[in-house]
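Below you'll find the structure, written out as structure tokens, and then a few comments.
The values are calculated or read from the model by the stated rules, or taken from the named source; none is laboratory data. Fair warning: this is a prediction, and the values are worked out from it, not measured in the lab. Positions of Cβ are generated from backbone atoms using ideal geometry, with glycine treated the same way; all protein chains shown enter the neighbour counts.
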Ligand code: GLA
């Protein structure tokens with residue numbers, strides 16, 4: 001670390017010589033509720049949630065492709081931290097209330113930790129302990145300005161970043177970054193009880209700048225797919241937070257597993273359309289997998305006209321067959337198409353959160369402004385619209401000379 005950075009570290013009260021870890025959130029272009037059925041999805045990593053090992057985080061607004069509308073939120077997480085020798089993991093939050101302290105050997109039950117954001121810390125500590133990490137202490141601070149429940153994987157970005165940082169503080173090495181994804185998912189399941197799939201953690205780790213990533217959730221292979229330059233990826237938040245704990249997420253997953261057992265396949269990925277004709281939940285999974293593959297074929301052939309109908313068919317399937325949409329998400333999809341998007345769909349689990357749309361780049365600002373205004377007129381709610389650019393996945397970054405926050 002050079003002298004300037006050391007001075008910045010001291011100014012912020014962090015010890016010099018430590019590392020910075022960054023982990024992005026994601027927007028899923030197409031392929032929802034397929035990951036836990038061994039299927040395909042096509043997310044892109046967006047923004048960066050940053051972990052700082054004793055240094056100062058960048059503002060990261062340059063990771064956005066420019067907001068279409070001023071966004072009242074800054075979607076960044078920062079954790080400052082370093083190893084310590086008392087066998088405790090202590091993490092404070094600057095925005096959220098409280099401090100979390102758990103044993104570094106992972107014996108504290110993550111689901112009982114208070115305040116609730118600390119359950120992710122405890123989940124990571126336990127997941128790593130189960131993998132054999134030495135119980136080295138960690139002293140950290142989380143800065144969280146990410147809106148919870150936006151459906152942009154803020155929790156997974158945080159758990160991935162914490163997993164990388166706390167593992168390193170305990171000198172724990174990884175053979176394969178996919179193990180990080182599995183550990184982060186395990187941490188989240190321990191923290192929330194929600195039996196999620198691996199899409200969010202894999203995308204956070206393996207995102208590729210300017211590409212969506214085709215994720216095969218059976219082999220866990222990743223294929224970057226270039227995004228069209230002509231169109232912006234526009235995200236619109238409905239203003240309604242969603243939480244997966246207490247939602248029908250676990251129920252849907254159980255219904256998928258029951259359907260696979262009934263059909264006699266290992267996972268719904270292996271079912272045919274005839275197998276699922278009379279089962280709307282399973283039908284969504286089978287048709288959505290095909291839409292992902294068709295979407296990738298269209299992207300590779302630069303067949304922009306084929307993309308919109310696939311996005312709309314995906315939304316219809318999530319709304320009608322899988323039943324995870326809301327009237328607000330349906331309205332946003334209609335408004336986006338009315339105001340020039342070539343297609344739109346809810347993104348992530350549903351139950352609230354965001355929709356994603358493809359809009360001709362030079363028309364994106366106008367489309368976003370009109371949609372937000374019309375949404376307010378219809379619902380009285382404030383939507384937030386912003387264009388996103390795909391970024392690289394999580395990893396260590398150089399301590400930035402950027403602004404002290
Ligand atoms: C949430 C889960 C993911 C995935 C999506 C739906 O984001 O964390 O694993 O199942 O919902 O596609």
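Values computed for the structure shown
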| quantity | calculated |
| --- | --- |
| Every residue from region 237-273 that is out of contact with any helix residue (DSSP H, G or I) (no Cβ under 9 Å at 6 or more places or on another chain), assigned to a helix (DSSP H, G or I) and either closer than 30 Å to residue 376 by Cβ or within 15 Å of the ligand (Cβ to nearest atom) (or both) | 249, 250, 251, 254 |
| Odd one out for residue 126 among (1) farther than 17 Å from residue 88 by Cβ; (2) surrounded by 21 or more Cβ atoms within 10 Å (Cβ to Cβ); (3) modelled with pLDDT of 95 or more | (1) |
| Members of region 163-183 that are over 26 Å from residue 85 (Cα atoms) and within 16 Å of the ligand (Cβ to nearest atom) | 178, 181, 182 |
| Matching strands (runs of 3 or more DSSP E) fully within region 1-114 where at least 3 residues are at pLDDT 95 or above | 99-103 |
| Selected residue (criterion: farthest from the ligand (Cβ to nearest atom)) from residues of region 344-357 that are more than 13 Å from residue 318 (Cα to Cα) and in contact with a strand residue (DSSP E or B) (Cβ under 6 Å, 6 or more places away or on another chain) | 357 |
| Residue match in region 295-306 (condition: under 23 Å from the mean Cα position of the chain (by Cα), closer than 19 Å to residue 38 by Cβ, away from the ligand (no atom under 14 Å from the Cβ) and surrounded by fewer than 22 Cβ atoms within 10 Å (Cβ to Cβ)) | yes |
| First in region 250-272 and more than 14 Å from residue 284 (Cα to Cα), second anywhere and within 14 Å of the ligand (Cβ to nearest atom), Cβ under 7 Å, 6 or more apart | 250/194; 250/195 |
| Complete set of residues in region 184-202 that are part of a loop (DSSP other than H, G, I, E, B) and within 8 Å of the ligand (Cβ to nearest atom) | 194, 196, 197, 198 |
| Lone unmet requirement of (1) surrounded by 15 or more Cβ atoms within 10 Å (Cβ to Cβ); (2) more than 22 Å from the chain's Cα centre (by Cα) for residue 328 | (2) |
| Subset of region 207-229 (residues that are under 20 Å from residue 37 (Cβ atoms) and away from the ligand (no atom under 12 Å from the Cβ)) | 212, 213, 214, 216, 218, 219, 220, 221, 222, 223 |
| Residue check, residue 179 more than 28 Å from residue 251 (Cβ to Cβ), at pLDDT 95 or above, part of a helix (DSSP H, G or I) and not assigned by TED's automatic domain parsing to the domain that holds residue 293 | yes |
| Check on residue 380, modelled with pLDDT under 95 and either away from the ligand (no atom under 16 Å from the Cβ) or surrounded by fewer than 19 Cβ atoms within 10 Å (Cβ to Cβ) (or both) | no |
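Listed here are the residues, each with its yes/no results for (1) outside the structural domain of residue 27 (by TED's automatic domain parsing); (2) modelled with pLDDT of 95 or more; (3) surrounded by fewer than 16 Cβ atoms within 10 Å (Cβ to Cβ).
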position: 205; (1), (2), (3): no, no, no
position: 208; (1), (2), (3): no, no, no
position: 222; (1), (2), (3): yes, no, no
position: 233; (1), (2), (3): yes, no, no
position: 252; (1), (2), (3): yes, yes, no
position: 276; (1), (2), (3): yes, yes, no
position: 288; (1), (2), (3): yes, yes, no
